[in-house]
Amino acid sequence: MTTTAGTPQHAPLPLLVLGRGRELATERGVECPGDLPAPSDPGLVERARAARAALGDRLFVLGHHYQRDEVIEFADVTGDSFKLAKEAAARPDAEFVVFCGVHFMAESADILTSDAQTVVLPDLAAGCSMADMAALDQVQECWDELVAAGVADRTVPVTYMNSSAAIKAFTGREGGTVCTSSNARTALTWALEQAGEGGKVLFLPDQHLGRNTYVRDLGGRLDGCVVWDPHRPMGGLTPEQLRDATMILWRGHCSVHGRFSVEAVEAARREVPAVRVIVHPECRHEVVELADEVGSTEKIIRTIAAAPAGTAWAVGTELNLVRRLAAQFPEQRILFLEKNVCYCSTMNRIDLPHLVWALESLVDGRVVNPIRVDPEVAHWAKVALDRMLALPGETSKD
């Protein structure tokens, strides 16, 4: 900081402070090359309906559970990320797949759909902070360090679906697989069997899902987990720690689920009689340990849908979904676990103005924001995805 006339002044920053300008050359999706409707435009819904009708069966719209209601209204199918990508692949006649989700999800859809189909992401800035916490060069450097430490030959990488196509491709090349929050137990069991006696799993990029699955579902020990910090030499670990560990967890997390706290669970139990707490496994381990139910987004929906009238639920997942559940099941008392608003900020970039712009552009014969994965990356990413689909049990298909 610098000081002028006794008043502290911030020195120039290498990055733009939020709300203080934009750098079009380096930021994805901060400006659309076309006329974007104003969010207050009263005719947006009619324009979206007209564009949909004009495109007909050429269009298939996917909506992730965390999307705004105004967007979900126009989705042909709603669901979790991998379910939506598979739904797109099951519609080969749809020329355009508009994915109302985030970037890694659209990549998976592009990998699984045919070359004749085009996947569109209405706003390229709809990314995922968790996926961005594991860059390919960082993961490759980690793997090189594991080779140098003499443990790579006994380590199987597993990446969460919430990762870039490049990370999925790395996992495919190195003999690993992908997992969802539904089938993480199955995927980890397979990976540890592949690693053999004294083997290890490198789990990317969400440390909490990896830790919770290993300890809660597989009966592993917390001290069998170490966290690899890509911003520290050797991940901040010693060769001995790497040799002794079973789970090498990448230092990544979900910015939404990471906000839920022990204090929030305790407050819910104090304030709501007979409340049941249900949280996503991306939450921190101490939060998951205190919850009554733990599960994927789909499991949370199924659990609440099946619950008796009059029951009370404090739900630890994204706010758009919690509000939608409360509206769908008014006979239950459904509350957001955290006191503070907790939207997924990147998921919420897909709004009705961007959706209308994308659809009207397609009507006009212009494809905006197409998602195309490099063929070599797509090949190895699909190898990892196919390994997951070959795993036993129904959850491998969730």
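Subtracting the Cα-Cα distance from 0.36 nm times the residue separation, let me have the gained length for THR303 to ARG366 in nm, one decimal. Can you show the working numbers first?
Working: separation 63, 0.36 × 63 = 22.68 nm, distance 4.23 nm.
Additional length available on full extension: 18.5 nm.
Run the numbers on region 107-246 and let me know its relative contact order in percent, using alpha-carbon pairs under 8 Å that are six or more apart.
Result for region 107-246 is 23 percent.
The charge dipole of the chain, taken about its Cα centre with unit charges on the Cβ atoms of Lys, Arg (+1), Asp and Glu (-1) only, comes to about 620 debye. Only one residue of ILE371, CYS100, GLY150 has its Cα farthest out toward the positive end of the dipole of the chain, where Lys and Arg carry +1 and Asp and Glu -1 on Cβ, and that residue is CYS100.
Of all DSSP-defined beta bridges confined to the chain, some 10% are antiparallel rather than parallel. When the chain is treated as a Gaussian network with alpha carbon springs shorter than 10 Å, the biggest mean-square fluctuation among LEU146, LEU355, LEU218 belongs to LEU218. Placing a pseudo-label 7 Å from each Cα along the Cα-to-Cβ vector at ASP229 and ALA274 gives an inter-label distance of 4.7 nm. Quick one: grab the alpha carbon gyration tensor of region 151-243, order the square roots of its eigenvalues as a ≥ b ≥ c, and give me rounded if a/c is under 1.5, else prolate or oblate depending on whether a/b is larger than b/c. Because its axes are fairly even, with a/c under 1.5, region 151-243 counts as rounded. Taken along the Cα-to-beta-carbon direction at a fixed 7 Å, the label points for ASP57 and ALA390 span 3.5 nm.
Positive-end ranking of PRO233, SER81, ILE111 along the dipole of the chain, with charges on Cβ about the Cα centre, is headed by SER81.
Seen from GLU266, the other residues with C-beta closer than 13 Å to its C-beta sum to a net charge of -2, counting Lys and Arg as +1 and Asp and Glu as -1. Largest GNM mean-square fluctuation among ALA187, ALA274, ALA314, using the chain with Cα springs under 10 Å: ALA274.
Legend: calculated FRET efficiency, ASP292 to LEU136, from the Cβ-Cβ distance at R0 = 51 Å, rounded to 0.05, equals 0.85. Between the amide H of ALA312 and those of ARG276, ARG333, distances stay under 5 Å, these residues lying 5 or more places away or on another chain, with hydrogens modeled in the peptide plane. Take the Cα of THR311, step 7 Å along the line toward its Cβ, and report every residue of region 257-280 whose backbone nitrogen sits under 17 Å from that point. Counting backbone N atoms under 17 Å from the label point, the list is 269, 272-280.
Along the axis of the charge dipole computed for region 142-283 (Cβ charges of +1 for Lys and Arg, -1 for Asp and Glu, origin at the Cα centre), the listed residues VAL256, ALA195, MET161 are led at the positive end by VAL256. Straight-line cross-link partners of LYS168 among the lysines, defined as a Cα under 29 Å from its Cα and at least 8 positions apart when in the same chain: LYS83, LYS86, LYS200, LYS299, LYS382, LYS397.
List the GluC sites (Glu not before Pro) in region 134-233 that DSSP assigns to loop (not H, G, I, E or B) and whose Cβ has at most 14 other Cβ atoms within 10 Å. Which are they? Passing both the DSSP loop test and the Cβ count: GLU197. Approximating the spin labels as points 7 Å out from Cα along Cα→Cβ, the HIS379-to-ASP93 distance works out to 3.3 nm. Taking amide H as placed 1.01 Å from N in the peptide plane, VAL119 has its amide H under 5 Å from the amide H of VAL97, ILE371, each at least 5 places away in sequence or on another chain.
Principal axis extents of the C-alpha atoms in region 207-313 (largest first, rounded to whole Å): 54, 24, 20.
Place a +1 charge on the Cβ of each Lys and Arg in region 93-158 and a -1 charge on the Cβ of each Asp and Glu, then give the dipole magnitude about the Cα centre in debye, rounded to the nearest 20.
Numbers: 1 positive and 12 negative charges, 45 e Å.
In debye, rounded to 20, region 93-158 gives about 220.
Springs between Cα atoms under 10 Å define the GNM used for the chain, and in it the highest mean-square fluctuation of LYS168, LYS200, LYS86 occurs at LYS86. Sequence-distant contacts, meaning Cα pairs under 8 Å at least 6 residues apart, place the relative contact order of the chain at 21 percent. Rg then Dmax, both in Å and based on the Cα atoms of region 254-293: 9.7, 29. Counting only protein heavy atoms, what percent of the accessible surface of the chain is carbon or sulfur at a 1.4 Å probe? Here it works out to 50 percent.
Using helices alone, what [θ] at 222 nm do you get for the chain, with -39,500 (n - 2.57) per DSSP H run of 4 or more residues, divided over all residues and rounded to the nearest 500?
Details: 16 runs with 148 residues, N = 398.
Counting only the DSSP helices, I get -10500 deg cm²/dmol.
The values are calculated or read from the model by the stated rules, or taken from the named source; none is laboratory data. Keep in mind the model is a prediction, meaning the values are calculated, not measured. When we count neighbours, we look across all protein chains shown, and the Cβ atoms used for this are built from the backbone with ideal geometry, even at glycine. Each accessible area value is taken on the protein alone, full model and side chains, heavy atoms only, with ligands, DNA and RNA left out. Shrake-Rupley method; radii C 1.70, N 1.55, O 1.52, S 1.80 Å.
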